[in-house]
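Derivation of every value follows stated rules applied to the coordinates shown; laboratory data play no part. This one's a predicted model, so the numbers in the text were calculated from it and none came from an experiment. Quick reminder, even Gly has a Cβ in these numbers, built from the backbone with ideal geometry, and neighbours come from all protein chains shown.
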Amino acid sequence: MAPHLAASAAAMARGADLGPLLRAGLTVLGLTGRTVTCRCTDDGELRRLNRTFAGEDRATDVLAFPAAASSDPRFRAAPGARGLLGDIAISVERAALQAQAAGVAPADELRLLAAHGLCHLAGHGHDAAAAAGRMTEATREILAADAAARGVPAPVVPALVAPGDGPA
């Protein structure tokens, strides 16, 4: 968790308890034995990361950085970090706003974003309709496994829409 995160945002991130979700997600995705890191931070840091690594000067809700999929040394796992799938960064600020707009608990939105980031680390995308469908299904499976482990109903996860496939 980012040290500069406001107390309320830090409490929200702790309350989401993302570790068990990410471990369940790795199992659902067939990646048992792999690890991920997840940083809950703010819009400012997500904007900086997005600008630095994706060339987009705007904040976003979640970014995923695969450890092995890139020849760029900035995305490589540190020596000795065996099994690292990659890193996820989530804007707690953005998650809170999106949760309010969707009428869901902020912790549920954080879980959704963590599952989304994990799917990206596993190679899923949503740039075409078929890929978006597969990623939606994987996200639903991860969140259902997490909900079952917590003894709560699985959340409703809206389908991802590929760019150009949504309403005009």
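Here are the numbers for the structure shown:
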| read-out | value |
| --- | --- |
| Kirkwood hydrodynamic radius of the chain, from inverse mean 1/r over distinct Cα pairs, in Å | 16.3 Å |
| Amide H partners (placed H, <5 Å) of residue 84, local residues excluded | 35 |
| Ranked 18, 63, 118, criterion: other C-beta atoms within 10 Å, fewest first | 63, 18, 118 |
| Positive-pole candidate from 84, 66, 52, dipole of the chain, charges at beta carbon | 84 |
| Cut-off under 5 Å, modelled amide H: who pairs with residue 38 long-range | 88 |
| The chain: DSSP helices with Cα axial extent of at least 27 Å and average Kyte-Doolittle hydropathy no lower than -1.0 | 129-150 |
| Relative contact order for the chain, counting Cα pairs under 8 Å that sit 6 or more residues apart, in percent | 23 percent |
| Volume of the Cα convex hull of region 93-147, divided per residue and given in Å³ | 87 Å³ |
